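Have a look at the structure below before the remarks.
Here, each number is a calculation from the coordinates, and none is a lab measurement. Predicted, not measured: the structure shown is a model, and the values here were computed from it. Don't worry about glycine lacking a Cβ; one is built from the backbone with ideal geometry, like all the others, and counts go over all protein chains shown.
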């Protein structure tokens, strides 16, 4: 007979864990920060090479009934012992670093790897510099590389965080020397370094000459050079700058405006977005995540792109952020509710996702700095959205969201509703001239501009001024097969799309 009981390993672990809970047949007690942990030497040795060496190599601890463990927190020890006796690793986010440090000391490789992987997958603006300093302390190159990649892709935002000012001089220099910093101008990098100095000028001003060697002089404005020279620690010190003529990655990227409101085309199982270069007057294609169906895009003032949509035929709560360095979309925390072509918009550091759910009313808000979603009050009246064919024309409409001042405005065939972030409630605006079934809307100079993209040509634009709470129509009509409103460089542009067979041509008017 040769029979295997597949449940036996789990049953044995469960039995050993119960013995531990009851402190039965235990043969050693670990003392950690004043807390006692009765354990079994055999279990500890099988899980941790650290304990196996301790118990089998003639150390004094091999015969001691009680062993004091230093440099490990009691919470981290409890987490690792739970893993040793169950095979399950559970810990709170704010304890991950402590657990990883303990796992490295105790040589529990699985726990160490999983903690590092968790930190890599949960990097955000609030923790990326802390993770970098932690990874540097541990000499964990992979974790360090991941945190550096995150920081360089969002350098201007990270440099404003308090934790950035805690970086050591070598870590700061290693960042400032990189070619892949995503900043628009070299002055941003100089100003970040000066803020670091000003945080503790008495001790750090002496490092200005060393930091100047990371500043690429040929790209620094004359005003910024004067500001740097004025901080020179003494008249006898000459500041020497980098003579590198290599532009940072952020300096060389092309200005690409994504044509808004789901103007996508499909290629096989892929969806692509049309982007427009206003300087060259050319269109380009941006690849969307694989198998992504009806979706929405939000753009922040710092040019971060966020995307919410459906994967395949299942209503999944997919949410992504675009990594400019890798030219790829990266997953972020799933939405609370699955949504199809929802209103997605940025306002004062948050991303709002509105409608597109089963009720067409629910709304939620995303905090990028902590990668979390929270619910906000629902819209008083369902805002219909149906991105695919539906027999009822009323339900073939879509909704769009824009932000203005402290409010989010949502427009659909039911009109326009406004969510005040200060009052935390929804209100209906004045009636539109004709509520659009397929609205495209933007904000410009304190007003909302909206056009119905599926209305009979010629098109006209509706304008809303929240001060007057009135919708008005522009005097000019615009011919074409489709119309896109787009602000750029202090002006408001109209892009008309003219169908030529299966090819769309974009012209700027």
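Okay, here's what the table says:
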| quantity | calculated |
| --- | --- |
| Residues 398, 96, 237, sorted so that the one with the fewest Cβ neighbours within 10 Å comes first | 237, 96, 398 |
| Gain in span if fully extended, residue 324 to residue 126, counting 0.36 nm per residue against the direct Cα distance | 69.3 nm |
| Helical contribution to [θ] at 222 nm, DSSP H n ≥ 4, -39,500 (n - 2.57), averaged over the chain, rounded to 500 | -7500 deg cm²/dmol |
| Rounded to 5, the percent of DSSP beta bridges in the chain classed as antiparallel | 95 |
| Antiparallel DSSP beta bridges within the stretch 8-121, as percent of all bridges there, nearest 5 | 60 |
| Per-selection Kirkwood Rh - the stretch 73-223 (Cα, Å, 1 d.p.) | 16.9 |
| Highest-first arrangement of 140-148, 181-189, where packing means the average Cβ count within 10 Å | 181-189, 140-148 |
| FRET E, pair residue 455, residue 199, Förster distance 56 Å, beta-carbon r, rounded to 0.05 | 0.50 |
| Hydrodynamic radius (Kirkwood) for the chain, which is based on Cα pairs only, to one decimal in Å | 27.1 |
| Relative contact order (percent, whole number), the chain, Cα cutoff 8 Å, 6+ residue spacing | 6 |
| Radius of gyration and Dmax over the Cα atoms of the stretch 1-71, both given in Å | 14.5, 51 |
| Förster radius 25 Å - calculated FRET efficiency between residue 422 and residue 163, Cβ distance, rounded to 0.05 | 0.30 |
| Degrees, to the nearest 10: 8-21 long Cα axis against longest axis of the chain | 70 |
| Computed FRET value (nearest 0.05) for residue 280 with residue 235, which takes r as the C-beta separation and R₀ as 56 Å | 0.70 |
| Kirkwood Rh, Cα atoms: Rg over Rh of the stretch 77-138 | 0.97 |
| Chain lengthening between residue 25 and residue 375 when straightened (0.36 nm per residue, less Cα-Cα) | 121.0 nm |
| Translational diffusion of the stretch 418-465, µm² s⁻¹ [Kirkwood Rh, Cα pairs; Stokes-Einstein; 20 °C; 1.002 mPa s] | 177 |
| Bins of 5 Å from zero: percent of alpha-carbon pairs in the stretch 8-121 | 2, 12, 22, 25, 20, 13, 5, 1, 0 |
| Gyration tensor (Cα) of the stretch 153-250, equivalent ellipsoid semi-axes in angstrom | 19, 17, 11 |
